[in-house]
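The values are calculated or read from the model by the stated rules, or taken from the named source; none is laboratory data. This one's a predicted model, so the numbers in the text were calculated from it and none came from an experiment. FYI the Cβ positions are ideal-geometry reconstructions off the backbone, even for glycines, and counts take in every protein chain you see.
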2 protein chains.
Amino acid sequence: MIPRQACRLCVVTDPELGRGLGHVDIARLALEGGATMIQLRDKSAGLRRLLPKAREIAGLCRAHGAHFIVNDRLDLALAVDADGVHLGQDDLPSMVARSTLGPGKILGVSTHSLEQAVRAAQEGADYLGIGPIFPTTTKVTGYAAVDCGTIRLVRARIDLPLVAIGGISVSNVAGVIQAGATGVAVISAIVGADDIREATRAFLTAIRHAESGR
Amino acid sequence: MIPRQACRLCVVTDPELGRGLGHVDIARLALEGGATMIQLRDKSAGLRRLLPKAREIAGLCRAHGAHFIVNDRLDLALAVDADGVHLGQDDLPSMVARSTLGPGKILGVSTHSLEQAVRAAQEGADYLGIGPIFPTTTKVTGYAAVDCGTIRLVRARIDLPLVAIGGISVSNVAGVIQAGATGVAVISAIVGADDIREATRAFLTAIRHAESGR
C-alpha cells in the first residue's frame with residue numbers, strides 16, 4: 001500500500017540528464033522542492049557504487065517524509081530498506097517480485113497499455129506507472145506515446161494510484177491530472193532544470209491547481 | 001557453506017562466447033559433462049527474460065546434484081531459489097549481501113589480491129573466486145593476472161574453497177590445482193568449445209589427475 005499523496009510527484013534521479021549533479025544532489029534538491037517520491041534509477045552503475053548513494057537518499061526521504069523507490073534492483077531496495085521498487089516490463093514479473101519482496105514493500109509497475117495495467121494490478125502492484133504520455137527522449141521505451149485517453153481508460157477500470165510519466169511538463173501536467181492520474185513521475189523537466197528545487201515547486205503548484213479543478 | 005567438491009568445476013554460462021547456444025543449453029551440456037557448479041552471468045538481459053532461463057537451469061542443476069549460482073543479481077537468485085550468488089568487487093559488499101540473502105545461501109566473491117581475499121573471507125564469503133590467473137580476453141576485469149603464486153598466498157592464509165578463474169585451460173589447470181585451488185571456473189575454454197560436454201569432461205579429468213598428485 002502506498003498513500004495516494006506519495007504518488008503526487010515522483011522525481012526520477014538520472015544523472016545523465018542532470019547538469020553535473022549526481023543521484024544524491026538531485027534527490028536532495030527535489031525533496032527540498034517538495035517531491036513526494038524519489039525513484040533511484042541507474043541501469044549501468046554497479047551496486048557497490050550505488051549502495052552508499054541509495055542509503056543517503058533513503059535517509060533524505062525519511063527526513064522529508066517522502067517515499068524512496070528503487071528502479072529494477074530489488075536487491076538494492078532490500079539492502080537499503082527502501083520503501084519499495086519500481087519495475088518495468090523487462091524486469092521481474094510483479095508476482096515474482098512480490099513474493100521476493102514480501103508484503104511490506106511497495107511495488108510499482110510501468111505499464112504502457114490498459115492490458116498491461118490490468119495485469120499489473122491483478123499481480124499485486126501497489127501503484128502503476130503509465131506512459132509515455134507524451135513523446136519523450138529521456139528513455140527509449142519502445143512504446144508509443146499513450147496520451148491522456150489511456151489514463152482515462154485505466155482510471156475507469158483500476159482504483160490503484162496512477163503515476164503518469166513521459167514528456168510531462170509544468171505546462172501539460174494539468175491535463176494529465178484532470179484525466180485521472182494520481183500524480184506524475186518526472187525526469188528531464190526537473191533533473192535537467194537550471195534550478196531543480198524551483199522546478200519541483202512549480203510542478204507541485206501546477207498539480208495542486210489541477211487537482212482543485214478536477 | 002558449500003561442499004568443496006561443488007567448487008571443483010564451475011562453468012559460467014556466457015552466450016556471447018558460445019557458438020550460438022544460450023544459457024540453458026550451455027548449462028545442460030556442461031552438467032552432462034560433469035560440471036559441479038553453474039554460474040549464470042548476464043549483465044545485459046532484463047530479469048523478465050532471464051527468469052525462465054534461471055528457473056530451468058536451477059532445475060537442471062538439482063537434477064544433476066550440482067550447485068546453481070547467480071552472478072550479481074541477488075534478486076534473481078532469491079526469485080528462483082538458487083543456491084547462492086557470486087559477487088564481483090563492483091557488486092554489493094559481502095556483508096550487505098549476506099544480510100540481504102540470509103544465512104542459508106552461498107556467497108561467492110571474486111577477489112584479485114590477497115588483501116581482497118582476506119576481506120571477503122572476513123565479511124562472510126563461503127568461497128572465493130581468485131583471478132585472473134592467466135591473461136584472459138573473456139572479461140575486461142581491470143585487474144592484472146595474479147598467477148599461481150597468489151593462489152599459494154591465499155591458500156596459506158584462508159581455509160575457504162578457492163575457485164581460480166581467468167585463462168584456465170585443460171593444459172594449465174594442473175598447476176592451478178597444485179598451487180592450492182579447490183577448483184576452477186571456466187568460461188571460454190568450455191563455452192566456446194566445439195563440444196561443451198567433452199570439454200567439460202576433459203577439464204574434470206585433468207583436475208582429478210592434478211588432485212591425485214597434490
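So A:VAL118 fits all but one of (1) in a helix (DSSP H, G or I); (2) of a type in the set (A, V, I, L, M); (3) within 25 Å of A:ARG201 (Cα to Cα); what number is the exception?
Checking A:VAL118 against (1) in a helix (DSSP H, G or I); (2) of a type in the set (A, V, I, L, M); (3) within 25 Å of A:ARG201 (Cα to Cα), the one that fails is (3).
Taking region B:161-212 as the region of interest, how many residues are in a loop (DSSP other than H, G, I, E, B) and closer than 24 Å to B:LEU21 by Cα?
The total comes to 10.
Identify the residue in region B:65-82 that is among the small types (Gly, Ala, Ser) and part of a loop (DSSP other than H, G, I, E, B) and, among all such residues, is farthest from the other protein chains (Cβ to nearest Cβ).
Per the criteria, the residue is B:GLY65.
Determine whether A:ALA125 is buried (at least 17 other Cβ atoms within 10 Å of the Cβ), within 14 Å of another protein chain (Cβ to nearest Cβ), over 16 Å from A:THR13 (Cα atoms) and not polar (S, T, N, Q).
The answer is no for A:ALA125.
Kindly evaluate A:ALA174 against the criterion of being over 17 Å from the mean Cα position of the chain (by Cα), surrounded by fewer than 18 Cβ atoms within 10 Å (Cβ to Cβ) and among the hydrophobic types (A, V, I, L, M, F, W, C).
It is true that A:ALA174 is over 17 Å from the mean Cα position of the chain (by Cα), surrounded by fewer than 18 Cβ atoms within 10 Å (Cβ to Cβ) and among the hydrophobic types (A, V, I, L, M, F, W, C).
Here is a list of conditions, (1) part of a helix (DSSP H, G or I); (2) touching a Lys or Arg at 6+ places or on another chain (Cβ under 6 Å), and A:GLY124 meets all of them except one; can you say which number that is?
(1)
Return yes when A:VAL96 is in contact (Cβ under 8 Å) with a residue 60 or more places away in the chain and either crowded, with 20+ Cβ neighbours inside 10 Å or closer than 23 Å to A:ALA164 by Cβ (or both) and no when it is not.
no
Of all residues in region B:22-51 being part of a loop (DSSP other than H, G, I, E, B), within 14 Å of chain A (Cβ to nearest Cβ) and over 16 Å from the mean Cα position of the chain (by Cα), which is modelled with the highest pLDDT?
Here the residue is B:GLY46.
Across region B:141-166, what is the total count of residues that are touching a strand residue (DSSP E or B) at 6+ places or on another chain (Cβ under 9 Å) and surrounded by 17 or more Cβ atoms within 10 Å (Cβ to Cβ)?
Result for region B:141-166: 14.
Considering (1) of a type outside the set (Lys, Arg); (2) part of a helix (DSSP H, G or I); (3) free of Cβ contacts under 8 Å to residues at least 12 places away in the same chain; (4) within 14 Å of chain A (Cβ to nearest Cβ), say which one B:GLY59 fails and leave the rest.
That leaves (4) as the condition not met.
Picking from A:ARG62, A:ARG73, A:ARG41, which residue would you name as being touching a Ser or Thr at 6+ places or on another chain (Cβ under 7 Å) and among the charged types (D, E, K, R)?
The unique qualifying residue is A:ARG41.
Residues being part of a helix (DSSP H, G or I) and more than 7 Å from chain A (Cβ to nearest Cβ): count how many of those fall in region B:83-104.
Here the count works out to 6.
If A:THR36 meets every condition in (1) in contact (Cβ under 8 Å) with a residue 60 or more places away in the chain; (2) hydroxyl-bearing (Ser, Thr, Tyr); (3) more than 16 Å from A:ILE106 (Cβ to Cβ) apart from one, which number is that one?
Going through (1) in contact (Cβ under 8 Å) with a residue 60 or more places away in the chain; (2) hydroxyl-bearing (Ser, Thr, Tyr); (3) more than 16 Å from A:ILE106 (Cβ to Cβ) one by one, A:THR36 breaks only (3).
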